[in-house]
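These notes are about the structure you will find just below.
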Amino acid sequence: MTSKLPNTGTTIFTIMSKMAAKYGAINLSQGFPDFDCDPALIALVTDAMEAGHNQYAPMPGDWDLRSMISNKIYALYEQNYDPETEITITAGATQAIFTAVAAVIHPGEEVIVFAPAYDCYEPTIELFGAKSIPIQLEPPLYSPDWVEVEAVITPKTRMIIINSPHNPSGMVFGQDDLKQLERIVLKHDLLVVSDEVYEHIIFDGRVHQSVARYPNLAARSFITASFGKTFHNTGWKLGYCVAPGPWMNEFRKVHQYNVFSVNHPIQRALAIYLQDPEHYLGLAKFFEQKRDFFLSFLKGSRFQFEPSQGTYFQLLDYSAITNEADTVFTERLTKENGVATIPTSVFNKDHRDFKQIRVCFAKKEETLAKAAKLLANL
């Protein structure tokens with residue numbers, strides 16, 4: 001058998017979570033909370049099931065939910081998306097990203113990605129016969145070099161994939177980044193996939209620069225988002241994609257034969273839950289407090305860090321502790337010190353090792369305190 005993805009193995013998140021379970025380590029590796037979502041949301045799902053919403057949802061998604069998403073985007077970014085033709089509910093953001101790439105990328109084309117890159121981007125690009133062109137972001141700030149981005153564009157370049165707030169670095173694009181992206185995209189006639197799953201988890205007074213804020217960008221972009229990340233229920237696997245009508249039409253051609261439609265009672269529940277904006281607007285403060293709580297234990301330790309600007313991830317530089325490869329260090333940290341983390345080299349161009357690990361602070365305070373104290377003792 002000839003593999004279509006010969007260089008793709010098991011995701012690092014699966015590997016490290018399995019190792020955490022095997023050695024009884026605190027799991028700060030995979031990005032999921034260890035606390036429950038709002039009981040009111042669970043009750044709404046129960047109500048929807050009891051009301052009989054247990055058969056297929058409409059292929060694009062529940063109408064009320066699509067309408068609420070449209071209202072939310074306009075309220076936040078002043079960009080109109082038609083619920084009928086420009087919004088589709090998906091089985092999580094990963095499926096949305098996969099479907100967007102599948103819908104518009106052709107064999108032989110090139111897609112620019114920023115490394116460290118979330119690990120679903122490049123296999124998806126490769127699966128459809130295209131080539132990833134990684135732009136390596138450099139620590140400590142991981143700011144993109146737009147001159148370098150423009151320099152790698154060729155007649156084959158079709159798309160740029162961006163992710164802000166950025167996983168794993170916690171970097172957040174500023175207004176100038178989006179203006180530079182807009183200039184490049186218009187000049188070279190490119191498409192954009194904007195992975196905005198952490199749009200509401202952004203710190204220290206920063207403002208999320210969605211591509212929806214920029215009409216010329218929005219006209220060329222697929223925006224993907226995740227309810228699972230937003231509402232602490234990653235196992236529900238529910239997200240959405242928005243895009244202009246012609247591009248969404250292509251998206252739905254793939255979506256209808258990929259998953260067709262997604263969990264109906266959860267869609268009904270979210271349509272009601274989103275009526276209160278505080279359910280998502282309060283997330284920044286909630287996670288900023290967790291970030292600060294966790295980092296307070298590491299002040300004075302041998303780890304070095306720049307506080308995360310967004311997401312619920314924090315990078316820790318361990319170069320003052322050991323010169324081990326990050327893959328070796330994270331394995332030893334799990335087995336011997338009882339804390340599972342993620343080596344960041346697996347997301348970098350040519351697996352460059354900056355001696356940094358990623359931790360997830362979407363955890364209860366007792367979990368964070370216990371893990372941070374173990375780390376601070378290194």
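Some notes on this structure:
- Residue within segment 324-331 that is free of Cβ contacts under 8 Å to residues at least 12 places away in the same chain and over 18 Å from Ala20 (Cα atoms) present: yes
- Condition met for Tyr81 (within 22 Å of the chain's Cα centre (by Cα), over 17 Å from Leu274 (Cβ atoms) and in a loop (DSSP other than H, G, I, E, B)): no
- Taking the criterion of being aliphatic (A, V, I, L, M) and either in contact (Cβ under 8 Å) with a residue 60 or more places away in the chain or touching a Phe, Trp or Tyr at 6+ places or on another chain (Cβ under 7 Å) (or both), the residues of segment 297-323 that qualify are Leu298, Leu315, Leu316.
- Options Asp177, Asp204: the member that is surrounded by fewer than 18 Cβ atoms within 10 Å (Cβ to Cβ), among the acidic types (Asp, Glu) and part of a loop (DSSP other than H, G, I, E, B): Asp204
- Extreme residue, surrounded by the most Cβ atoms within 10 Å (Cβ to Cβ), among residues of segment 180-201 that are assigned to a loop (DSSP other than H, G, I, E, B) and more than 20 Å from the chain's Cα centre (by Cα): Leu190
- Just one of (1) modelled with pLDDT under 95; (2) in the same structural domain as Ala369 (by TED's automatic domain parsing) fails for Asn258. It is (2).
- Segment 207-256, subset surrounded by fewer than 23 Cβ atoms within 10 Å (Cβ to Cβ) and β-branched (Val, Ile, Thr), residue farthest from Glu288 (Cα to Cα): Val254
- Pro140 being more than 22 Å from Thr10 (Cα to Cα) and either assigned to a loop (DSSP other than H, G, I, E, B) or assigned by TED's automatic domain parsing to the domain that holds Arg291 (or both): yes
- Residue within segment 40-50 that is small (Gly, Ala, Ser), surrounded by 18 or more Cβ atoms within 10 Å (Cβ to Cβ), in contact (Cβ under 8 Å) with a residue 24 or more places away in the chain and part of a helix (DSSP H, G or I) present: yes
- Every condition in (1) crowded, with 23+ Cβ neighbours inside 10 Å; (2) under 22 Å from the mean Cα position of the chain (by Cα) is met by Leu281 except one, and the failing one is (1).
The values are calculated or read from the model by the stated rules, or taken from the named source; none is laboratory data. These numbers were taken from a predicted model, which means no experiment stands behind them. Note that we place each Cβ from the backbone using ideal geometry, even for glycine, and neighbour counts take in every protein chain shown.
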